[in-house]
Each structure stands twice: as C-alpha cells, then as structure tokens.
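To start, the structure under review is shown below, and the notes come after it.
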Ligand SMILES: Cc1cc2nc3c(=O)[nH]c(=O)nc-3n(C[C@H](O)[C@H](O)[C@H](O)COP(=O)(O)OP(=O)(O)OC[C@H]3O[C@@H](n4cnc5c(N)ncnc54)[C@H](O)[C@@H]3O)c2cc1C
C-alpha cells in the first residue's frame, strides 16, 4: 500500500533526469562537496572545544579567535562543516526569532525582549558585512521578506501578526502590509494580502557555511571532521571539561555544544531538543518567460501565512527552492539518512509551489532533501555558559537559525571571555526549559499537532470569505505544542 501511495503521490510531479532525493542538499550538490578535513589525530588539549561545525559552532569559534587570537580553539565535527541544517536550509537570513515573547518578558521584562528583537535586525547586517569582509560569496541579496496570505483567515492573521510584532520590537518601517500593486512585483496566485519586512536577505546556505569554515580555519582554529563526539563531560573536581570522541578525548576550559537537531543523539541528551524535520525541493532553472510573469526581481525571501507554512527563495541561478514541514518527526527522535525526505513531503511541497506559481508546474523538480531543526519543549531558543561545569550551548532555534546562530556565536564569545555585555544581558541567555516527554508520547503528540494544523489550513482555505477566521483547531494544536 505504502509503495502505491508513494508512486501515486509522485506521478504528477515532473522530475528532472538529474532528480536526487537526499545527498545532503541541493546546495551542496550545486557547490560541490568540499574536501574533507582530517579527523582528530588523538587526545588533545585546547582552551575552547566546540562540538558541531554548523553556523553556531563556527560563529562562536570565529568571534572568539577574532577577539583573542592566542586562544586555542578546536571544532569537532562528526561529518563535515555544514552537514547539518546549516548546509540544508531555505537561505532566509532574517530577523525572525522563534519563541514566545511573553515567556522572555516574564523573566526579563518586555524591553529586554525588544532589545533582543532589535539585535536580530542588526544581526542580518552583521552576517552580510562579515561575509563581505571575509570574501565569502554566498549569493547574498538583501531584498527583504514577503509574507503572503491566500485566504481571508490568513489575511486577518497576517494583519494581527503585524500588529503584534509592532508591539514587540518591530516598528512600522520594519514590517507592514504592502499594497497589491507594489513594485517590484512578485505574482503569487490567489494572494489576497502581503506583508513586507526589509530585515531579511537571501543566501546560499552551503556557500555561507563552507566560506565561514574556511575563514575560521584561516584564523587558526583547528577543525576536525569525521570525528564523532560520544559524550561531553562537565568539569569534575580538578578534571577539566572533556569531549569524548571516537578518535580520542579533547580537554578544554570551555566546551560549546552546537549540535542543534542532532543533540538528542548525544549521551544523556535524548529528550532535550526534539529533532523536527523540515523538507525542501528545488526546481530546475525556471525559464525566463515564466519569470516575466512572476517578477520576483527583488529576490525577497517569500513565505505564506498557513499554519503549516512554506518558505521559498529565488536562487542565484533562477530556480525556486521551497520548503516546509513535510513529515515533521520520526519516532524515537530518528534522523534522516543523508538528507533523504519522504515522497509525501515532496508531493506537499510541489502542491504548495504550483498553487503559488501555477506556471511553474511544467518546470521539473531537480532535488529534494530534508534536515533537522532543534525544538525545545517551550519552543524558545537559548544560549548558555555554565562557569561551574565549563559547558555551554546555544540553539533550539526552531525554524529560524540562520541569523540567530550568529547572535548566539557573539554571545558565546562574551560569556566564555567572562564579559558582562549588552549581548549577555539579552533574555535568551540562560533561559531554562524542561525536556520532552518520553516515547510514544512525543511521536503521538507531534502527529496530532501536525494533523490539526493541516486540517485547520484546509478548513480555512475552503471557508467562504465572509465567514473565514482562524480555525479553532490551530489554537488547540498550539496549546498541545506548548508554544
Ligand atoms: C530544511 C531546513 C530549512 C531551514 N530554513 C531556514 C531558513 O530559511 N532560515 C533560518 O533562519 N533557519 C532555517 N533553518 C534552521 C537553520 O538552518 C538552523 O537553525 C541552523 O542552521 C542551525 O545551525 P547549527 O550550527 O546550530 O546546527 P547544524 O547546522 O545542524 O550543525 C550541527 C552540527 O553538529 C554536528 N554534530 C551533531 N552531532 C555530533 C556529534 N555527536 N559529534 C560531532 N558533531 C556532531 C552535525 O554533523 C552538524 O554539522 C532551516 C533548517 C532546515 C533543516
């Protein structure tokens, strides 16, 4: 039955002769896989050891070494730099910050969250300027972000969201509704409303992460690839924090865990951050005749306002890459194999793509893949450095980590160097959250939440305009999720 369902789901989708599912991501296939760095040669001693060579770990290493060039910093990576979400994402470098504003305000006050939101906006420019300074060509275009609504419930929700965001750190210039005839045009079929924020840029994720790894190595950081960390041990008595790997043990004064969606695979961390999958597809280059109809000259990153939302970008070589939840969670916090995604996810994304851009229905899909996000139990990202144990970490960014990881990297630098700065006073520093429920509750819960959001979207799209409002099912899903 599964086989037939799969075949039926994929049949209407034109697929390129070069179609691939997995191989980490389209981005790496486009860029070419970099030559692997050597693994850890044996036990070693550093001032700082970072686990995970994604954006978080690399930004932390970058800013530490920039600030204090004599610091001995190592990055230990199981696969290669960018293997995780950092080399697979949608390339939205945006000021969006996941997590409940109210929760951060509860502990630190509203103005502290507003400072965090403003810091996110300047982080977008920080990434762009470091990329320029370090000669990292990551196809960056700061065209802003457009969010479209394609039914009345989405339109009302979009307007409410803007009002809400404007109370929490976005000023009217930072996000607002756009008139329908706004130039440059971006013709999304059935769009009934559109919002715009200038605080976003399109990036090529793999070019950014591999360029960053090169820059970090150029500063004198040792990056060890193909080295699996089994356990991170806190400082015990006189024994320094230790990173136990399959190649030896690294002792360091400070250890940073930067493993995001893979955190649950580390010993003792199984229920910490839920690995939530997000999937993407990329088309072949879209013919210029189709682009003439769509527009999208501004290269804004594009999203919709559904509960199970999608995010998209126009790539530097004129493809459309679009992503969304697909099948969000594998039982027992299981991981994908090399980025392969389920046929159901491909089918859903293609439907979303061709609903937005019917003329793209003839353009073959060239690549499909997925990756794991880290989701804390309260959906709120955090940064930590525990002076007593010597262990720090950052993540739980949910779906917004491209810019957030840079803010985390700079904050980790200040925490490790023992500085009291504006960054270390931001309300996500030290934010605590309990773990996820054991299985099968986790699996059942995520299935139910996902199902409710999908049903809410379907209902909203079918309800007549004058009766349409956000479906109650979405509210129930949000409450179960504990967001
Ligand atoms: C499909 C998809 C689309 C997304 N789109 C966007 C977007 O458009 N905009 C946005 O802001 N965010 C997006 N995100 C989220 C964003 O990509 C992540 O939040 C961000 O990349 C996290 O970076 P990281 O360095 O913390 O984690 P990762 O990039 O996942 O890096 C973790 C690294 O740790 C390594 N590792 C794990 N376990 C071990 C171990 N035991 N030993 C050694 N190494 C280990 C992994 O191999 C990996 O390289 C998306 C995520 C996905 C999956």
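Nothing in this text is a laboratory measurement; each read-out follows from the coordinates by a stated rule. Since this is a predicted model, take the numbers as computed values, not measurements. Heads up, the Cβs are rebuilt from the backbone with ideal geometry, glycines too, and the neighbour counts pull from every protein chain shown.
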Practice item. Any chance you could check the Cα centroid distance between the stretch 207-266 and the stretch 48-81 for me, in angstrom? Key: 8
Review point. Regarding the stretch 163-227, what are the three Cα extents along the principal axes, ordered largest first, in Å?
Key: 50, 30, 21
Revision key, fill the gap. The simple spin-label model distance between residue 230 and residue 437, using points 7 Å out along Cα→Cβ, in nm, is 3.4
Check your understanding: In angstroms, what radius of gyration and Dmax does the stretch 2-448 have, counting Cα atoms only?
Key -> 21.3, 68
Study note, to complete from the structure: Residue separation between residue 469 and residue 47 times 0.36 nm, minus their alpha-carbon distance, gives in nm 146.4 nm
Check your understanding: If the chain between residue 338 and residue 72 were fully stretched, how many nm would it gain, using 0.36 nm times the residue separation less the Cα-Cα distance?
Key -> 92.6 nm
Check your understanding: How far apart, in nm, are two points set 7 Å out from the Cα along the Cα-to-Cβ line at residue 270 and at residue 291?
Key -> 5.1
Review point. What percent of all Cα-Cα pairs in the stretch 359-480 falls in each 5 Å bin, counting up from 0?
Key: 2, 9, 13, 14, 13, 13, 12, 10, 7, 4, 2, 1
Point to revise | Modelled FRET efficiency - R0 22 Å, residue 419 with residue 118, Cβ distances, 0.05 increments | key: 0.65
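Restricting to the chain, what percent of DSSP beta bridges are antiparallel, rounded to 5? If you can, show how the numbers build up before the last one.
Values: 47 of 73 bridges.
Given both bridge residues lie in the chain, the antiparallel proportion sits at roughly 65 percent.
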Check your understanding: By its C-alpha gyration tensor, with a ≥ b ≥ c as the square roots of the eigenvalues, how is the stretch 105-206 shaped: rounded for a/c under 1.5, else prolate for a/b larger than b/c, else oblate?
Key -> oblate
Study note, to complete from the structure: Between residue 246 and residue 33, the FRET efficiency computed from the C-beta separation at R0 = 25 Å comes out, to the nearest 0.05, as 0.70
Point to revise | MRE, 222 nm, helices only [DSSP H, n ≥ 4, -39500 (n - 2.57), over the chain, to nearest 500] | key: -10000 deg cm²/dmol
Check your understanding: So what is Rg over Rh here for the stretch 1-79, counting just Cα atoms and using Kirkwood for Rh?
Key -> 1.23
Check your understanding: Can you give the relative contact order of the chain as a percent, counting alpha carbon pairs under 8 Å and 6+ residues apart?
Key -> 25
Point to revise | Distance between the stretch 408-480 and the stretch 111-159 - C-alpha centres, whole angstrom | key: 19
Point to revise | Label-reachable residues, the stretch 25-60, where backbone N falls under 16 Å from a point 7 Å from residue 330's Cα toward its Cβ | key: 25
